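Visitor: I am attaching a structure below and will ask some questions about it afterwards.
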Amino acid sequence: MPDFHGVVEEVASRAGGKKGRHRSRRRGRGKKTSAAEGEEKSASAQEGEAARAEPQGPGDAGEEGEPGEAAESGGTVDPAEGEESAGEEQKGRRRSRRRGRRRRKKVPAAEEAKESADAVGEEGPLAAAETFEGAEGTLSEETAPRPGEEEPEEAEEEAGEEGVPEAKGAKKVMLIDGAHPEEIRVAILREGVLEYFEVENQRRKLFKGNIYKAKVVNVAQAIEAAFVDFGGGRHGFLPLNEYCGGALIENLETWNEGDKRPHLRPGTEILVQVTKEESPIKGAAVTSYISIAGRYLVMMLGMKRYGISKKITGEKERERIRKNMEKLSYPDHLGFIVRTVGAGQPLKDLRADLTNLVKLWNRTVEGARAEKAPALLYEEQDIVVRALRDNYSSDIAEVFMDSPDSHRKASDFFDVYYPKQKGKLKLYRQKRPLFFRYNLEEQIERICLRKVPLPSGGHILIDRSEALWSIDVNSGRSARDRDIEDTAFRTNKEAAAEVARQLRIRDMGGLIVVDFIDMEHRNHNKEVERILKEGLKRDKAKTDVTSLGKFGLVAISRQRMGISFYDVLLKGCDLCAGTGSLPTVDATVVKLMRRIHSDLAREAGKVIVVRVSPPLLEAVVNQKREEITRLEKLCGSRVSFVADPSLPFLSYSVTV
């Protein structure tokens, strides 16, 4: 057993040496003499003895060195005489350990002892280098590695970033689901989030985009519109400001913009194109300004020359397109508009698209002269070709489809317009359904809901009426901010971005009114307006947005691009007639009793048969048994109740 007093003395001398080393570093660095080198070795030996005498924890070993380092030095020396040299030795050991920590490597004790011993043996040159760095103020070796020496920590981080696989759904992908032929769906994802959605029911006859030879049935000057028979379920509605003289059968290929329009009369034959599908209470909306969309151009009847889409904003690109369009020849009675996807296209592609549209129009004119009204002359492309024509762009990385028929149509489309990008088309053959593979089914179900959640805990409520769409913004459980103004501002910013997205996905057309949470600061109102308008810039539909008023309302007028999934996937409720609410049980019971009393009072000696739904019959028998008996005695007639499970909830039918 070592002597206790000896151990205490060694510990005290060790502490004194540590203080001396701190004073040495404060004095600065200088060149060492050979005597100092010898004293440094002796100090190392004394430190090693103290280390063996006193058990060290992990922190002590890291601070004062490993026992093996002092064992190699040997010799004894007074600690006061080796303060400066011990400080220089300690710095060399600390530098080596710092390098090891940067490299995130566990250095074995033997290797670390050897490294420290080498540093002690080369003390002269190292001390000179340290004196130079301290004098000039350059970075220490901990922060500035030697030339040629790599930083392993940064290299490991870069390698980790490259090794991480790309996030699922990080690129823009188009999916076409045709596994069930009665319903075809098209979706576009950006970073795994649904950006575009369209669905078409093959069993439902669609009229939008089709061109018909129609006959005028009636002209209503009071509403400045005409009603035409084009072969649909109801007569089409043709506003007089949508009447083009060049669409009359006798004026085909002869009428130009600026010529006088003949008056419409019943029996007049005219070409019309459906712009809005018919509803249960309204006929389809039609126009005689015929337009047929190609890939890069849109043909317009009654327009002169050409135009360029407003969404092509680059002045140089517009000038280049203008020069190309000047080189083309146009029929006198037709005009053409360059679509947004036409930007950057060469002259030969524009000329080929124009030629195809002119041929298509000539076939339509030939059919109009040969067929009797009403007749279908041109049918809009199905959803597969239409979606590719209107939504495909070069930034879409892949186009997946799970139906061979859809793949064939898409392949034909790419052969004509994108032969070099045909490799993006892929037929999906895995067992798991395509939309489930990309986690789309849940997103599609959410866009059918009335309530849309926001990231901070708030939500928006979307309601549809005959006149307009209403969107209400609520803060909900969002209460993380300091005051109500901050909560309203943050919720409104999230709602503005989500509203722009919902308009695109749901294809909400017409008038939309958004009720934001009231805010006091004008700058907050302007910021919410900016976010909303920035989101609408990504929308292909034409929109007109008002400013955020003092009541927190914003009105948006939006063009409907296609057929909203509301009209394809959803059906009005037969029970509530689309109102979304039903009368209460008490209100229905009282209403039935009034009807029974009225029928009993008309004539005595009658038997009234009342057919009621089972829930309503139970309520009547339990609540109004005595009242019915009193009415029968008063009027001299009798009431017979019959339960009819086929009747809707809380419904009845009275037969006298």
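The values are calculated or read from the model by the stated rules, or taken from the named source; none is laboratory data. From a predicted model like this one, the values you see are computed outputs, not experimental measurements. So basically every Cβ, Gly included, is an ideal-geometry build from the backbone, and we count neighbours across all protein chains shown.
Visitor: Examine region 356-368 for a residue that is in a loop (DSSP other than H, G, I, E, B) and in contact with a Leu (Cβ under 9 Å, 6 or more places away or on another chain), and state whether such a residue exists.
Guide: no
Visitor: Just the residues that are part of a loop (DSSP other than H, G, I, E, B) and under 27 Å from residue 508 (Cβ atoms), please, taken from region 390-400.
Guide: Once the filter is applied, which keeps residues that are part of a loop (DSSP other than H, G, I, E, B) and under 27 Å from residue 508 (Cβ atoms), region 390-400 yields 392, 393, 395, 396.
Visitor: Ok, one more. Quick one: in region 401-443, which of the residues that are within 22 Å of residue 193 (Cα to Cα) and part of a helix (DSSP H, G or I) is farthest from the chain's Cα centre (by Cα)?
Guide: Ranking the candidates gives 424 first.
Visitor: Checking the conditions here, which among 488, 495 is aliphatic (A, V, I, L, M), surrounded by 19 or more Cβ atoms within 10 Å (Cβ to Cβ), under 22 Å from the mean Cα position of the chain (by Cα) and more than 26 Å from residue 185 (Cα to Cα)?
Guide: That would be 495, the only listed residue that is aliphatic (A, V, I, L, M), surrounded by 19 or more Cβ atoms within 10 Å (Cβ to Cβ), under 22 Å from the mean Cα position of the chain (by Cα) and more than 26 Å from residue 185 (Cα to Cα).
Visitor: Pick from region 557-595 the residues that are within 30 Å of residue 543 (Cβ to Cβ) and of a type in the set (Lys, Arg): which of them is surrounded by the fewest Cβ atoms within 10 Å (Cβ to Cβ)?
Guide: So the residue we want is 571.
Visitor: Something else now. Tell me yes or no: at least one residue of region 194-208 is under 15 Å from the mean Cα position of the chain (by Cα), modelled with pLDDT of 90 or more and among the aliphatic types (A, V, I, L, M).
Guide: Yes: one or more hits.
Visitor: So which residues in region 239-281 are at pLDDT 85 or above, under 40 Å from the mean Cα position of the chain (by Cα) and β-branched (Val, Ile, Thr), if there are any at all?
Guide: 272, 274, 275
Visitor: What's the number of the condition residue 618 fails, among (1) more than 24 Å from the chain's Cα centre (by Cα); (2) surrounded by 13 or more Cβ atoms within 10 Å (Cβ to Cβ); (3) in contact (Cβ under 8 Å) with a residue 24 or more places away in the chain?
Guide: (3) is the only condition that residue 618 fails.
Visitor: Same structure, new question: Against the conditions (1) farther than 30 Å from residue 573 by Cβ; (2) surrounded by 13 or more Cβ atoms within 10 Å (Cβ to Cβ), where does residue 503 fall short? Just the number, please.
Guide: (1)
Visitor: Which of the residues belonging to region 262-291 are buried (at least 16 other Cβ atoms within 10 Å of the Cβ) and in a loop (DSSP other than H, G, I, E, B)? Spell out the reasoning first.
Guide: As a first pass, look at region 262-291 and keep what is buried (at least 16 other Cβ atoms within 10 Å of the Cβ): 264, 268-278, 283-291.
Answer for region 262-291, where residues must be buried (at least 16 other Cβ atoms within 10 Å of the Cβ) and in a loop (DSSP other than H, G, I, E, B): 264, 268, 277, 278, 283, 284, 288, 289, 290.
Visitor: Determine which member of the set 505, 517, 462 is part of a loop (DSSP other than H, G, I, E, B) and touching a helix residue (DSSP H, G or I) at 6+ places or on another chain (Cβ under 7 Å).
Guide: 517
Visitor: Can you report the number of residues in region 226-240 which are touching a Leu at 6+ places or on another chain (Cβ under 6 Å) and either among the charged types (D, E, K, R) or without any contact (Cβ under 8 Å) to a residue 40 or more places away in the chain (or both)?
Guide: Total meeting the criteria: 1.
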